[in-house]
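Here's the structure, in structure tokens; my notes come after.
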Amino acid sequence: MKVKFKYVTILLVFLAIQASAQGIIKGTVKSTDGVPVVEVEVFLQNTAYITSTNKRGYFELKDVPYGTYTLAAFSMGKATSSKEVTLTSENSVLNIDFELTELAAELDNVTIKSQREETSGIRRLQAVEGAAIYEAKKNEVIELRDITANLAVNNSRQVYAKVPGLNIWESDGAGLQLGIGARGLDPSRTANFNVRQNGYDISADALGYPESYYTPATEAVERIEVVRGAASLQYGTQFGGLLNFVMKEGAEEKKIEGITRNTVGSYGFYSTFNSLGGTVGKWNYYTFFQYKRGDGWRDNSSFDSKMAYGALKYEPSERLSIKFEYTFMDYLAQQPGGLTDQFFAENPRQSIRGRNWFQVNWNLFANTINYKINNKLKLNVRSFALLGGRDALGNLGRIDRTDDVEKERNLFSDEFHNFGNETRLIYNYSIADKQAVSLVGVRYYNGFTDRKQGLADATSEPHFTFLNPNNLEDSDFDLPSENLSIFTENIFDITDKFSVTPGLRFEHIFTGADGYYQKSTFVKDPVTGFKKDSTYQEYESRERSRDFMFFGLGLSYKLENKEVYANFSQNYKSINFNDIRVVNPNLVVDPNIKDEFGYNFDLGIRGNKPGKFNYDISLFYLRYNDRISAIQKKDTVNFRVYRYRGNISDAYSTGVEAFGELELFDALGFDSQNNLNLFVNASVIDARYLASEEEAIEGNRVELVPPFSLRAGLSYIHNDFKVTYQYSYVQKHFTDATNADDMVPGAVSGPIPTYYVMDLSASYRYRFAKLEASINNLTDNKYFTRRASGYPGPGIIPADGRTFYLTLELKF
């Protein structure tokens with residue numbers, strides 16, 4: 001199977017590159033003072049041909065059939081300009097320049113038919129977008145409006161299907177939490193990505209606890225931006241890179257627009273999503289409320305979730321915009337716990353934990369200011385804050401042992417109080433006759449986590465209350481963190497095709513811990529002379545401060561319909577103290593754990609021709625030094641197997657990530673008004689541990705890295721009807737550094753067997769109504785993607801079997 005798909009991918013890319021062109025229209029757009037204007041939409045009226053100017057004000061429309069057209073250039077705040085152009089065999093390349101004046105009157109009515117309406121849901125970021133630089137960086141943009149998928153449950157397998165190299169955990173069928181990793185990074189709550197919403201942080205604690213308990217409702221998301229490890233220069237030092245959810249805004253042409261989406265599905269699933277948005281004068285607003293509930297595919301897996309969002313943007317002039325946002329989420333979920341390998345083989349839907357619960361409360365506040373100081377200089381200011389918490393309640397004991405329903409449960413309770421600001425300046429200027437773009441930014445972040453662990457009652461109800469709140473049986477810590485960053489990147493155009501983008505980032509990081517944990521020891525009884533267990537509170541106060549600077553360099557060479565790019569960026573991950581004193585019988589953490597550091601390197605070629613083909617094929621090398629991981633160990637005193645977490649070794653991950661997409665009707669020469677799109681997304685990765693003090697892992701495969709993964713799909717579009725079939729294949733891989741391949745009694749270690757899964761989704765729109773249907777896991781395969789050492793386990797967390805969903809959307 002692998003060989004066949006590899007040949008198919010090569011064939012599709014070869015056919016796409018060999019596709020012949022007709023005519024080309026290119027040129028520049030400048031203002032009246034001769035300054036290039038970026039992000040101008042240049043299009044042929046009443047056709048699907050559209051593009052945008054780059055940082056040099058340059059545009060190019062390719063493969064335009066011979067004929068006479070009206071070419072128009074449109075930019076907010078400037079008067080629209082149009083020219084009549086004629087392409088012939090004798091004049092197949094036209095150079096057309098525009099000069100746009102400041103808007104002094106009402107814009108002429110023009111018709112723009114965007115190619116984005118006809119794409120398949122994936123594109124790439126421009127060299128400069130907003131207040132950020134993406135030149136020479138490996139990235140993907142997922143356009144949610146173009147995806148035919150089950151959006152009500154945030155189905156990650158479908159949403160991220162065209163992003164190569166991702167390892168997706170499918171342990172949450174309700175879509176309450178997102179778990180994705182890349183190139184050997186742990187997918188747990190997407191902790192190795194810098195996760196943002198509209199450019200600001202949304203994770204629990206960006207430094208001390210960078211896990212994402214809140215995932216935006218996909219039905220309210222406009223697009224998802226994924227930038228690999230090279231994002232470290234602008235967005236933080238994480239090895240994974242950036243994951244940014246860009247929310248929808250209110251309709252610009254309406255004062256009020258409402259959408260209601262109601263979904264029913266298998267196992268008691270129900271979701272209602274309702275939004276209002278619009279533009280009134282200089283004010284734009286958007287708000288939504290989502291409620292969903294369900295019984296879950298497994299026993300003891302019911303959930304109840306509420307989410308709300310409100311945004312208000314004020315634009316007093318074309319130069320200034322001020323936006324305020326508030327996000328609320330609250331959910332309660334029963335957790336069925338993990339399974340042993342034997343239990344999973346017998347019945348993956350069973351649950352042997354009926355007293356485990358999880359709840360999250362999230363409140364996000366944000367303010368964004370964009371100010372165009374002049375035609376060359378822009379200011380972007382983002383301020384944000386989080387007030388939230390999460391509580392995990394239940395029995396974390398070994399899953400191969402019966403839950404004693406008369407025994408008190410363990411309660412983990414976290415409260416988060418974070419705030420921060422990120423300010424950027426982006427400047428367009430010239431060196432000789434070449435354009436350049438400079439970005440300078442500063443970030444301040446202050447995080448505070450209050451973490452408690454102790455006993456709760458022995459009932460099966462979601463009672464998140466400590467039995468002894470003033471004298472906890474396990475631990476009570478305050479965990480402050482602070483970060484100051486200064487960063488810069490600059491695009492230098494060496495020629496019209498070749499650019500160099502260097503960057504620097506300075507980091508000051510402080511992390512601390514102050515509190516106590518319960519410590520047990522054996523002491524001699526003075527009366528009996530025998531040793532007995534004695535427990536006492538051990539107080540601890542730690543602080544760690546460090547300063548460092550790291551570097552990145554990007555190279556880009558643009559050819560017709562394609563770009564060759566390379567990027568080297570250093571990465572860093574600071575350790576935190578918030579999990580060192582967690583009492584978990586399945587996990588022991590090295591108290592001397594230290595920071596990770598390393599780098600990402602990408603070399604690739606990418607290209608696209610809207611409506612015809614799209615591809616990105618790259619080689620990567622990711623180096624980890626002092627990699628933090630967990631290995632399986634045996635306690636010869638207490639005769640138990642447990643996971644030990646610490647800096648176990650240096651490691652690397654290298655391989656090929658390839659994505660190719662082709663419009664088949666066009667490639668085969670059919671003159672059809674319909675679309676038939678085929679995509680193939682494949683990754684081949686070799687990840688190994690290097691020299692280590694742990695002899696058992698030297699040369700082993702890095703855990704959580706499938707050596708081969710494949711996602712392929714076929715989409716058919718006929719007017720307002722769409723249907724998409726998707727196939728996913730993931731090869732066997734390991735869950736710990738020892739590459740344990742046998743069945744461990746507690747099931748927290750062991751392999752993830754090879755699995756495949758299929759999905760089928762369809763939609764039909766008629767005027768103001770839209771009907772969507774999905775069958776996920778079409779063949780009802782029994783598989784799992786995760787072994788958990790703690791919540792929501794411990795043990796194997798099965799993925800959902802076959803499920804059905806039906807959605808009705810009404811727009812008014």
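For the pair Ala769 and Lys633, label points projected 7 Å from Cα toward Cβ lie 6.4 nm apart.
Cross-link reach is defined here as a Cα-Cα straight distance under 17 Å, omitting same-chain residues fewer than 8 places apart; for Lys292 the lysines meeting it are Lys306. Helical content of the chain, expressed as a calculated mean residue ellipticity at 222 nm, amounts to -1000 deg cm²/dmol (DSSP H runs of 4 or more residues, -39,500 (n - 2.57) each, divided by residue number, nearest 500). With the charge dipole of the chain set up from +1 on Lys and Arg Cβ and -1 on Asp and Glu Cβ about the Cα centre, the Cα lying farthest toward the positive end among the listed residues Phe365, Tyr134, Gln570 is that of Tyr134. Bridging of Lys573 to lysines at a Cα separation below 16 Å is possible for Lys594, once same-chain residues fewer than 8 apart are set aside. A protection proxy built from the mean count of other Cβ atoms within 10 Å ranks the segments 416-426, 32-42, most packed first, as 416-426, 32-42.
Placing +1 on each Lys and Arg Cβ and -1 on each Asp and Glu Cβ, with no other charges, gives the chain a dipole about its Cα centre of roughly 760 debye.
The candidate values were [x] 36; [y] 52; [z] 42; the one computed from these coordinates for percent of Cα pairs over 40 Å apart carries the label [x]. When the Cα positions of Leu676, Leu233, Gly790 are compared along the charge dipole of the chain, Leu676 comes out farthest toward the positive end, with charges on each C-beta of Lys, Arg, Asp and Glu.
Listed by chain and number, the lysines whose alpha-carbon sits under 24 Å from that of Lys612, ignoring those within fewer than 8 places in the same chain, are Lys4, Lys6, Lys26, Lys62, Lys113, Lys137, Lys138, Lys162, Lys497, Lys558, Lys562, Lys722.
Between Leu587 and Arg643, the built amide H atoms are under 5 Å apart, and every one of these is 5 or more places off in sequence or on another chain. For Phe98, the residues whose amide H sits under 5 Å from its own are Thr28, Val29, Lys30, ignoring neighbours fewer than 5 places away on the same chain, with H placed 1.01 Å from N.
Every number in this text was worked out from the coordinates using simple rules, so none of it is lab data. Here the structure is a predicted model, which is why all the values come from computation and not from measurement. For neighbour counting, all protein chains shown are included, and Cβ atoms are generated from backbone atoms with ideal geometry for every residue, glycine included.
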